[in-house]
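Right, one structure below, let's go through it.
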Amino acid sequence: MIATARIDRVELHEFTYRAEGFGRDAHGALCCEPGGVQTISAFCLVIRTADGLRGEYCPMHSGKNPAIAAQVAALAPRLIGQDAFAREGIWHALRWSQRHLGAVGLSAIDVCLWDLAGKAVGQPIARLLGGYRERLPAYASTVHADRNGVLSSKEAFAEFALACRALGYPGFKIHGWGEGDPREEAANLLHVRAAIGPDMALMIDPACTLRTYADALHLGLACDEARCFWYEDPFQDMGTAPTAHRRLRERLRTPLLLTEHVRTLEAKVAWVQEGATDFLRADPEYDQGITGAMKTAHLAEAYGLDVELHAAGPAQRHAMAAIRNSNFYEVSLLAPGRRNPIPDIYACGYSDELDCVGADGCVPVPTRPGLGVTYDWDRIARCTVSVRHWPA
């Protein structure tokens, strides 16, 4: 039996890294830019207990990290003296304290506590969650389209989709141009489908760039023609208007995937009850950690719906490994000829690069304790810009 483990120290290591070959479009989204370099902010959270246990977590959604790190810093003092194994109690207390902010900062704390718990008992998080599978079917998810000669044409997207299929990916998702031209997006989608044939799952995520319902319907009808697996976050309601999406869903055969931008479990319920989406979205880094993501998965299961986890990372792999009603792991931010623009901080061989998928079209779930990854703290230290700790 494990004794109560009181948290006595929290550390927030903030660092930067360079993503070469990338620029940003008019909306600030990453896109390919030959010769471009982006300096991106990131952080690692460490939680320690008085009896020597340690949890670590580095979120992968780097574009949002400065805002998330600020929330983590606001919550960190409240962890001191808490029982590190009382994740549910901590989850509810910190969620309440950041109820005006969607409690996004709670996400990294919760994942870090899961890592600590797994290490304490010598088990991977997936096993603590119950475990359903050890390999996860994956899809290749592109960065946004560009005007710089990389993913800048329907021919380039088709060529990249074929390359991903050759690597073993059973699915491919398009992130299009920031201008949100439904005709250009539809032409691209249909060209890719013609190139890859009928057997590869095809998805599209306009990332809320289509201006009107009519634009969303136009592209949605092209999704029907292309027999898309899902149609995600179409228009500029920012993916938060269930009534509009219910009306869109009534006109289309293609399943809708929404709620990536809907914070809290309770807010996602409204989408189910209104019939506004076919799949729910969950993310351990936005939806209040692994605890929150699993609550969303169980909500979806109760209604007979599937839940798809957003983006790549070890927390996503462990959560998906314990979820029956989920179809694909998202290997995100991919582009031809470039490494993934997420921090290169692992010293254990873990990878979410383009070639991480196996011949079976799957990625493995880490099997070592906790998150099952080893961070390269020497590399992180070389890039660190500040370290905050509590107690101060």
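List the cysteines in the chain whose Cβ has no other cysteine Cβ under 4.7 Å from it.
31, 32, 112, 164, 208, 348, 356, 362, 383
Convex hull volume of the Cα atoms in region 93-149, per residue, in Å³? Before the final figure, lay out the partial values.
Working: hull volume 10.1 nm³, N = 57.
Hull volume over Cα atoms, normalised by residue count, gives 178 Å³.
How big is the Rg/Rh ratio for region 210-334, C-alpha atoms only, Rh by Kirkwood, two decimals?
Rounded to two decimals, Rg over Rh is 0.95.
For region 11-58, what D do you get in µm² per second when you plug the Kirkwood radius from alpha-carbon pairs into Stokes-Einstein at 20 °C and 1.002 mPa s?
The calculation lands on 166 µm²/s.
Give me log10 I(q)/I(0) at q = 0.19, 0.22, 0.25, 0.26 Å⁻¹ for region 181-252, Debye formula, one equal scatterer per alpha-carbon, no solvent.
Summing over Cα pairs of region 181-252 leads to -0.69, -0.90, -1.12, -1.20.
Give me the Kirkwood hydrodynamic radius of region 63-159, using the inverse of the mean 1/r over all pairs of distinct Cα atoms, in Å to one decimal. Please report the intermediate quantities before stating the final value.
Details: mean 1/r = 0.0596 Å⁻¹.
With all distinct Cα pairs of region 63-159 included, I get 16.8 Å.
Only bridges whose two residues both fall in the chain count here: according to DSSP, what percent of them are antiparallel, nearest 5? Present the calculation step by step, with values, prior to reporting the outcome.
Numbers: 31 of 56 bridges.
Taking every DSSP beta bridge with both residues in the chain, the antiparallel ones total about 55 percent.
At 7 Å along Cα-to-Cβ for each site, give me the label-to-label distance between residue 39 and residue 132 in nm.
Going from the residue 39 label point to the residue 132 one covers 4.3 nm.
Would you mind giving the three semi-axes, in whole Å and largest first, of the ellipsoid equivalent to the chain according to its Cα gyration tensor?
On the way: eigenvalues 234, 106, 77 Å².
After scaling each eigenvalue by five and taking roots: 34, 23, 20 Å.
As an exercise, use a Förster radius of 25 Å and the Cβ-Cβ distance of residue 374 and residue 64 to find the FRET efficiency, rounded to the nearest 0.05. The partial results should precede the final answer.
Values: r = 25 Å, r/R0 = 0.99.
Between residue 374 and residue 64 the formula returns 0.50.
Where Rh denotes the Kirkwood radius from the mean inverse Cα pair distance, what is Rg over Rh for region 271-345? List each step's numbers first, then the result.
Values: Rg = 13.6 Å, Rh = 13.2 Å.
Rg/Rh for region 271-345 comes to 1.03.
Among 363, 389, 375, whose Cα lies farthest out toward the positive end of the dipole of region 350-391, if unit charges sit on the beta carbon of Lys, Arg (+1) and Asp, Glu (-1)?
389
Which three lengths, in whole Å and largest first, does region 62-117 cover when its Cα atoms are put on their principal axes?
In descending order, the Cα extents are 30, 22, 16 Å.
Roughly speaking, what is the stretch gain from residue 346 to residue 179, that is 0.36 nm per residue apart minus the C-alpha to C-alpha distance, in nm to one decimal? Don't skip to the answer; put the middle values down first.
On the way: separation 167, 0.36 × 167 = 60.12 nm, distance 3.56 nm.
Gain in length upon complete extension: 56.6 nm.
Using a probe of 1.4 angstrom, how much of the accessible area of region 1-90 is carbon and sulfur, in percent? Could you put the intermediate results ahead of the total?
Details: 1930 of 3820 Å².
Looking at region 1-90 in its full context, I get 50 percent from C and S.
If you fit an axis through the alpha-carbon atoms of helix 242-251 and take the longest principal axis of the Cα set of the chain, what angle between them do you get, 0 to 90°, nearest 10?
The two axes meet at around 40 degrees.
Could you work out how far helix 87-97 tilts from the main Cα principal axis of the chain, as a 0 to 90 degree angle to the nearest 10?
Once rounded, one gets 70 degrees.
Find the relative contact order for the chain and round it to a whole percent, using C-alpha pairs within less than 8 Å whose residues are 6+ positions apart.
Working: 859 pairs, mean separation 83.4, N = 392.
Reported relative contact order: 21 percent.
Of 222, 19, 176, which is farthest on the positive side of the dipole of the chain, counting Cα position, with +1 on Lys and Arg Cβ, -1 on Asp and Glu Cβ, and the Cα centre as origin?
So the residue furthest toward the plus end is 19.
Give me the percent relative contact order of region 1-106, please, defined on Cα pairs under 8 angstrom at least 6 residues apart.
On the way: 168 pairs, mean separation 30.6, N = 106.
Taking the mean separation of contacting Cα pairs over the length of region 1-106, I get 29 percent.
If you average the alpha carbon positions of region 50-108 and of region 4-31, how far apart do those two centres end up, in angstrom?
Each part reduced to its Cα centre gives a spacing of 15 Å.
Based on the Cβ-Cβ distance from residue 302 to residue 382, what FRET efficiency comes out when R0 is 35 Å, to the nearest 0.05? Write out the running numbers ahead of the final one.
On the way: r = 47 Å, r/R0 = 1.34.
After rounding to 0.05, the efficiency reads 0.15.
Using a probe of 1.4 angstrom, how much of the accessible area of region 296-337 is carbon and sulfur, in percent? Display every interim value, and only then the final one.
Working: 530 of 1060 Å².
That fraction is 50 percent.
What does the highest-first list of 274-283, 155-164, 355-364, 326-335 look like by mean Cβ count within 10 Å? Kindly include the intermediate steps, with their values, before the conclusion.
Values: 274-283: 21.7, 155-164: 19.0, 355-364: 15.7, 326-335: 24.4.
Descending packing order for the listed peptides: 326-335, 274-283, 155-164, 355-364.
In degrees, nearest 10, range 0 to 90: what is the angle between the Cα axis of helix 154-167 and the longest Cα principal axis of the chain?
The two axes meet at around 50 degrees.
Rounded to the nearest 20 debye, what is the charge dipole size of the chain about its Cα centre when +1 sits on each Lys and Arg Cβ and -1 on each Asp and Glu Cβ?
Numbers: 40 positive and 47 negative charges, 161 e Å.
The dipole of the chain has a size of about 780 debye.
For region 262-392, give the magnitude of the charge dipole about the Cα centre (Cβ charges: +1 Lys/Arg, -1 Asp/Glu; no others), in debye to the nearest 20. Don't skip to the end; give the middle numbers.
Numbers: 12 positive and 17 negative charges, 90 e Å.
Using Cβ point charges on Lys, Arg, Asp and Glu, region 262-392 gives about 440 debye.
Rounded to the nearest Å, what's the spacing between the alpha carbon centres of region 246-293 and region 334-372? Just the number, please.
Here the two parts' Cα centres lie 26 Å apart.
Provide the gained length on full extension for the span residue 51 to residue 78, in nm with one decimal, where the gain is 0.36 nm per separating residue minus the Cα-Cα distance.
Working: separation 27, 0.36 × 27 = 9.72 nm, distance 1.88 nm.
Length gained, residue 51 through residue 78: 7.8 nm.
If you roll a 1.4 Å probe over the heavy atoms of the protein chains, what accessible area per residue do you get for the chain, in Å²? Numbers along the way, then the final one.
Working: 15030 Å² over 392 residues.
Computed with neighbouring chains in place, this is 38 Å² per residue.
Once Lys and Arg get +1 and Asp and Glu get -1 on their Cβ, which of 329, 314, 293 lies farthest toward the positive end of the dipole of region 276-341?
Checked the options; the winner is 314.
How long are the semi-axes of the equivalent ellipsoid of region 281-392, taking √(5λ) for every eigenvalue λ of the Cα gyration tensor, in whole Å from largest down?
Values: eigenvalues 140, 80, 33 Å².
Taking √(5λ) for each Cα gyration eigenvalue gives 26, 20, 13 Å.
The values are calculated or read from the model by the stated rules, or taken from the named source; none is laboratory data. As the structure is a computational prediction, the values presented were derived from the model and not from experiment. Don't worry about glycine lacking a Cβ; one is built from the backbone with ideal geometry, like all the others, and counts go over all protein chains shown. Heavy atoms of the whole protein, side chains included, go into the accessibility calculation; ligands, DNA and RNA do not. Shrake-Rupley method; radii C 1.70, N 1.55, O 1.52, S 1.80 Å.
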